[in-house]
Amino acid sequence: MEFSRRTFLKGTVLGGAGFSALGFDLTPVYAQTQSLKISRASETRSTCPYCAVSCGIIIYTLGDKAKNAIPQVVHVEGDPDHPINRGTLCPKGSSLQQDILNDRRLLKPQVRRPGATEWEDISWDQAYTEIAQRVKKTRDDTFVETDAQGRTVNRCEGMAFTGGCTDTNEFNYLAVKSMRSLGVCYLENQARV
Amino acid sequence: MPASTSSSVERFDDKARNAFEHAGKTTVYRGELLRHPVYTRVLHWAVALFFFLALFTGFGIYLPWLFRWFTPFFGGGPLSRVMHPYFGVGFVFCFGLQALNWLKPMIWTAADSRWMRNIKGVVSGEEKMDPPDTGFFNAGQKVQFWEIVGGCVVYLITGVVLWAGARTFGRIPVAVSYVLHDISALIMLGGIFIHIYLSTIGEPGTFQSMIRGAVSEAWAWTFHPAWYKQVTGRDPQQDCEEARRKMNSSTKPPKQS
Amino acid sequence: MTNGWIDIKNTDMMLIMGGNPAENHPCGFKWAIEAKIHRNAKTIVVDPRLTRTAANADMYVQIRAGADIAFLGGVIKYAIENNRIAKDYLVNYTNAAFIIKDGFSLPEDGLFSGFDAEKKVYDKKTWNYEEGGDLAGKPVVATPADKPTPPLAPGATPPAPALPPNIAFDLSLQHPRCVYQLLKKQYERYTPEMVERITGIPQDQFLKAADLFTSVRKDGDMKKVATIIYAVGWTQHSFGTQIIRTAAMLQLLLGNVGRAGGGVNALRGHSNIQGATDMAGIFDILPGYLKMPNPTDVDLAAYLKRTTPLVAKPDPWESFNYWSNTSKFAVSLLKAFYGPAATKENDFAFNYLPKIDRNYSWVNIWNDMYEGKVKGLFAFGMNGVMIGPDSNKNIDALKKADWLVVCEIYPDETSEFWRAPGITAEDQKKINTTVYRLPGAGFAEKDGTFVNSARWLQWKNIALPPPGQARLDQEILATIFLKVRELYKKEGGKFPDPVLNATFAYTNPHNPLLAEVAREINGKALADITDPKTNITIKAGQQLPGFAWLKDDGTTISGNWLYCGSWTEAGAMMQRRGTDDPSGLGIYPNWGWSWPANRRVLYNRASCDMEGKPWDPSRRQVWWDDAKQSWVGVDVPDFKVDSAPKDHMGPFIMNPDGIGRLFVPLSGMQDGPFPEFYEPIESPLANLLHPKQSNNPVVKKYKTDMDKYAKTGDTEFNIICTTYRLTEHYHYWTKNNPMNVELVPEPFVEVPAELADRMGIRGGEKVKVTSARAYYIAKAMVTRRIRPMKIDGKETFQIGIPIHWGFRGIVEDEGKTAKTLANQLTPTVIDPNAFTPEFKGFLVKIEKV
Amino acid sequence: MADRKALQAEMISGHSGASPGLGMQRDLEVCKLVDTTTCIGCKACEVACAEWNDMPFTPTTFDNTYQTMPETRWNFWNLIKFNEHQNPDGTIQWLMRKDQCMHCADPGCLAACPADGAIVKYANGIVDFNQENCIGCEFCVSGCPFEIPRFNPMTKKVYKCTLCSDRVGEGLEPACIKACPTGCLKFGSKDDMKYIAEERAKQLRDNFGWQNAGVYDPQSVGGTHVIYVLHDATDPERYSLPKNPTIPWSYTVWKWLFKPVLGTFALFGFLGVIAHYITSGPRVAQPEPPEKEGPDAGINV
């Protein structure tokens, strides 16, 4: 069922002007239909990060993606072209705007030191350096080159990696490549549970 | 009235009257009678104030397309709507006090019934003076008083229903209240035109009774002869004749200031 | 999913069980509704709760959590007895006619043949096909026992038993040891009476459901199709894989696999866990489902020999045995990982990969961390404390770790395990774990590919940059790895070669463009390669058009052979947005890209009869074109395209036997070639089929002091509990999202009205649910949607707990909840095949707070 | 906004005349179809509505139900109502119905509204509130048989579903319609929706055993621009829908007839006293001064 609403709506011509008498003025009546909030927004096609139906979504951001403007999300809606969801979204997908624009987001690297009762801020560089040192130490301490029977196993058993459900293929590939190269055996993902 | 038979209402009114009499004062010149004490006058004008506030905010709700121009005085339509019930409550409350204050003089008597039967003569002006048994209030005033009392009851009941709304009382009570509230308002509106007319240009000399609290003796024996007789102990008819004689004997009208 | 989301609209009958798609996959469920509206399709929902899926069903049956195999086994029995089976399909496309070795025995006492009670493992050598030809009509003779094996060198492992290349068969299905007869015998015990006693489903309801579902195959008519839809309600059991197998067997019996509107459809619960599985984000595989090397693989050749199956089939038949290409996939992967460092001489750096011989799965991470073996943990968007099972154990495990790196977008329970409720400031001072919490990027701030449940790869675009100091996850991961590499370069250390040689040859190695990574995953030619048949040449450096081009000589790379074809010279196939669907079957061949080879319905050869004609011409997917001597169709044939029907090649080309397996031979399954009903580890009663072997015999309990389990028939813990998600929330994520919090603000426990009456609990009152491990406090939702059940004649109650609340979130931070976690209740016990924890069907007690 | 004229006002509260421009467009009423038999109660419509209309978050509390809140709010226009209905055989039918403004052809809210231009019914059937003109009297609340308009104590005005008149005006479907995962919500012309609904009801009767399946489009309010397919159309109360929604007569009769008429009577009071003054003159205190004797004659104050 398809009918051209646009055509019929466009076909409308407003005849007669509003008149004003005794405070009776139609102008506000017509002005009340607010302007479409996405009429000047940019569209980005993406995929909903929740379940595995993979609904196509359109993220509407303010502005035209010009270099000097930092886009703000104003609305997220289903992508009508997407063959599976055809523009529909569930209650989680419909609220994605709040997931993108959420004041609970983590905004800076933090560290919790041994015995500490609070987080402290840390620079990215410092965090990277400390983590790399710990990774190396753990690997060197726990690396098993051969097993009891003398067979080469090259395992790093002191360290585990757990990947999340919205990690992309490309990220997962990098994770598998880097972790397996470190010898990590405990490599698991939301996919397991 | 002996204290032993006075009601608590009267005691309250007496206390209030005394208190207001201390706060304000009423000057009664020679040839005048005290008509309304301070308490009564304050109540009257409080009632009047709330009445008009409620009326004007009510207009904005009753027929906004006609009376929309009232609403800016009250901060716009929604604020008019918000304030209207408070004004209404103020009106009902103040009028309630006035009703208590006037309860006794407003009691209907046989004289009032006679007055009503004779109303044509009064309205047409054929009867220059009210009937001799017309007391502090005449029957017309009493009718209006009791109309307002009844109106207030209707306002209060329907107003509360409308105030709380359909979510509390249900749709039908609101729909009914809406009509009754309006009818009550319209009757009162009609009455208020007559009241204003008669208290100003319709019966000159009346207005000052609510301003200064005093009226001329002539006014009193003309419109409320029984009351005149009660407060002065003199016969209104005789005094009127006396005054007429005096007037006719001089070229000037009797001094009454 | 063997099929796809849209394909559900082509079905005539849906059995939805172990899943709640209306709540957890609403947009996918639309296609079930479409089937209802446009095909008058019927829906049967079997679930412990009357869910929102059940509310829409034509028939709802309440089942005891964990009794699924009993129900499905009963349906198999019903189908066989009432001739509701697809005879031709069964004989030709499954191993129904194959003869099983003498010595194999069915689990009438709860155990299949070959059980080693001490090690709790099966010796599976009898779980194999008999060798020989057509045994139809031949007298049944006992075959001699296995030939004596030559003595082994000390220390050497005996060669694993293999499938016979020439499988014995009986197409009349009469041979007493043919799979069909064994199957019939196996499920003879699953009578409607037994089903009622085990599952709690009254016989009349069960029979009605069995009749309705199998009605698609009334009198063997093949036109209609039924689908089975499930999710983790099946997976999360100590016999989860076997439930799914029972469903697959039922579908093979009814001839529903490979057909539009049919199949066995796993609804995956997260946006890219299908991709994570494909990409081997799990310990036991390498990308593209290549097996992980084990210590017996002394070199690449040994590994390939072990992991490359040989064709095993009845002589007159053919088998494609696609895994025979394993070497090409494996070498291309090693070349992708290690580039120039992977040479023929060093076995393509095969030894760079760790060799594993034990279980490193999810619960073992926590168990072994608890035991002090795992010192450090990376959690990239993975909230292990919330996920559990036995969250308290996970919290205590983290206390023992040296370091934890969490990359997240919200403050989560895992990164704040050290201040979980109940841990005082004094306690915190004793926790020596260093926790780094790195702000990652949300989905809208990253590009890259997700793979949906229907195996579609779809690229998403960047809408805006990450907020604050947050960084892209790939940048964080790559930078850490490259920093480690620098340290190894500078300081040396244990076996630095793989760390130094893993390729990070991206334009900016510290922040790889995901498009570059995607191209690497697809793979390219390192030298000019020519296909001798078509004479087409792929030039060195060019993207490969598909996995058929992969080589095992080091001239191709591919990070995941399954995805080869996703980003070709023609461009990014997973970015395609073609909205044409000429067949009307919902195939959309030009939208995104589906593995393998852009096939939308797996095993689609099975949608045709023996002559290659579609079973239902109105829903034809692929068919044999005699003129072209080729398989053609609206979908990409999942088959050798030039294999004529007369060759009788099996449609299940990934199996060396080429057929759908009613019986899984050898090491395919750890706990039996046929599914057998076992009770969950925590169960209110002993298994009615074999009380002495109540649970899955190969499942092991964990042994730390944290691991406590309720006894079978426990008098204290006597209520069955199941966990689930709500449609309004997404795991532990949307508790940070005001709108979703508004929809369902607080944790609750669904309690049957009868149980609530008995306990004096009213709706909205707080209740405490206690398992052998911990307690959980939430408000009661008293409902008539869960009814008391009669299990073996005894009144039994079930309750349900949604999992979404933790100790960090909008309402949690406002102090409106008890801050207990649903998974504090769940037991540490896993399915022996998929290693998934048993989150469903454990025992609890309930009381008013 | 280029297309805003597309929403042609058909009726305007407080104004009895014809609206300017009416009758100049092709008659095509829009309609929302809610098929309760395929609603899965997922609440996508609730969120889509709140998100599109930028509704502020308001806390809710658990109330022993899946229903988000007991009833719609001024900032929550779209609510799935969950009902556990017990069948005679003891089984439970879990009903979910999307509750929102019904956009009646004969809108009770508009009938009750005294404020000009506060409630507009467009020619396409959308009944929309224009808060700019709303005076917050809440008469619409009592006028509505579906308990829809909701008062916002902050702005002192009343709000409800607009059927996304902003989106519809731009040729888009309402936000709830777009989101609905199962397609139980549909949007199109009233005729088309009626047709689809009747077909679906027939299908339910013929193939799914729902003998009483039917369409809810109550004629007592002239039909609605939101219509329902129900499993049992004989018992809409099961879905918390009124069986026979009506608008109190007092609104129509009072507002359009007695209000102006009686208002005029009140005006007569004013005219009457003027007439009395002019014709009869005032009554003055006696004795009156002799007539025509001096300049002060007749003045006696």
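Please treat every number below as a calculation from the coordinates, not as lab data. These figures come from a predicted structure and were not determined experimentally. Positions of Cβ are backbone-derived with ideal geometry, glycine not excepted, and every protein chain shown enters the neighbour counts.
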If you line up the long axis of helix D:259-279 against the longest principal axis of chain D, both from Cα atoms, how many degrees apart are they, to the nearest 10?
0
Taking amide hydrogens as modeled 1.01 Å from N in the peptide plane, which residues meet the under 5 Å criterion relative to C:Thr796, leaving out close sequence neighbours?
C:Met789, C:Lys790, C:Ile791
For chain C, the Cα gyration tensor yields equivalent-ellipsoid semi-axes (√(5λ), largest first, whole Å) of 39, 37, 28
What order do you get for C:750-758, C:237-245, D:29-37 when each peptide is scored by the mean count of other beta carbon atoms within 10 Å, highest first?
C:237-245, D:29-37, C:750-758
Once you order the gyration tensor axes a ≥ b ≥ c over the Cα atoms, which shape class does the range C:1-86 get: rounded for a/c under 1.5, otherwise prolate or oblate by comparing a/b with b/c?
oblate
Got the relative contact order for the range B:138-202 handy, in percent, Cα pairs under 8 Å and 6 or more residues apart?
33
Report D for the range C:411-517 in µm² per second (integer): Stokes-Einstein, Kirkwood Rh on Cα pairs, 20 °C, 1.002 mPa s.
125
Which semi-axis lengths, in whole Å and largest first, follow from the square roots of five times the eigenvalues of the Cα gyration tensor of the range D:54-162?
29, 17, 11
Cross-link partners of C:Lys355 among aspartates and glutamates (Cα-Cα below 19 Å; sequence separation of 8 or more within a chain)
A:Asp140, A:Asp141, A:Glu145, A:Asp147, A:Glu157, A:Glu188, C:Asp284, C:Asp297, C:Asp299, C:Asp347, C:Asp368, C:Asp497
In chain C, which whole DSSP H runs stretch at least 15 Å along their own axis (Cα) and average -0.5 or higher on the Kyte-Doolittle scale?
C:26-39, C:68-81, C:203-214, C:240-253, C:326-338, C:473-491
Tell me, what does the Kirkwood hydrodynamic radius of the range B:138-202 come to in angstroms if you use every pair of distinct C-alpha atoms?
12.8
Could you give P(r) for the range C:280-351, binned at 10 Å from zero, as whole percent values over all Cα-Cα pairs?
19, 47, 24, 9, 1
Using alpha carbon centers only, the range B:205-236 is separated from the range C:722-790 by a whole-angstrom value of 80
Under 16 Å from the Cα of C:Lys125, which aspartates and glutamates turn up, not counting those fewer than eight places away in the same chain?
C:Asp102, C:Asp116, C:Asp146, C:Asp671
Go through C:536-547, B:179-190, B:144-155, D:137-148 and give me the packing order, highest mean Cβ count within 10 Å leading.
D:137-148, B:179-190, B:144-155, C:536-547
Can you list, bin by bin at 20 Å, the percent of alpha carbon pairs in the protein assembly as shown, starting at 0?
8, 29, 29, 16, 9, 6, 2, 0, 0
Where a Cα-Cα gap under 14 Å defines reach, which aspartates and glutamates qualify for C:Lys640, not counting those fewer than 8 residues away within the same chain?
C:Glu318, C:Asp625
Helix B:139-164: angle to the longest alpha-carbon principal axis of chain B, degrees 0 to 90, nearest 10?
20
Those GluC sites (Glu not before Pro) in the range C:507-603 that DSSP places in a loop and that have at most 13 other beta carbons within 10 Å:
C:Glu569
Nearest-5 percent of antiparallel DSSP beta bridges in the protein assembly as shown?
65
Shielding by partners, peptide D:111-119 (average Cβ within 10 angstrom, other chains):
6
In peptide C:488-497, how many Cβ atoms from other protein chains are near each Cβ within 10 Å, on average?
4
So what's the back-of-envelope 222 nm ellipticity for chain C, counting only DSSP H runs of four-plus at -39500 (n - 2.57) apiece and dividing by all residues, rounded to 500?
-6000 deg cm²/dmol
Which of the trypsin sites (Lys or Arg not before Pro) found in the range C:63-115 are in a DSSP loop and have at most 14 neighbouring Cβ atoms, other than their own, within 10 Å?
none
Ranked packing of C:594-603, C:13-22, B:237-246, most packed first, by mean Cβ within 10 Å
C:13-22, C:594-603, B:237-246
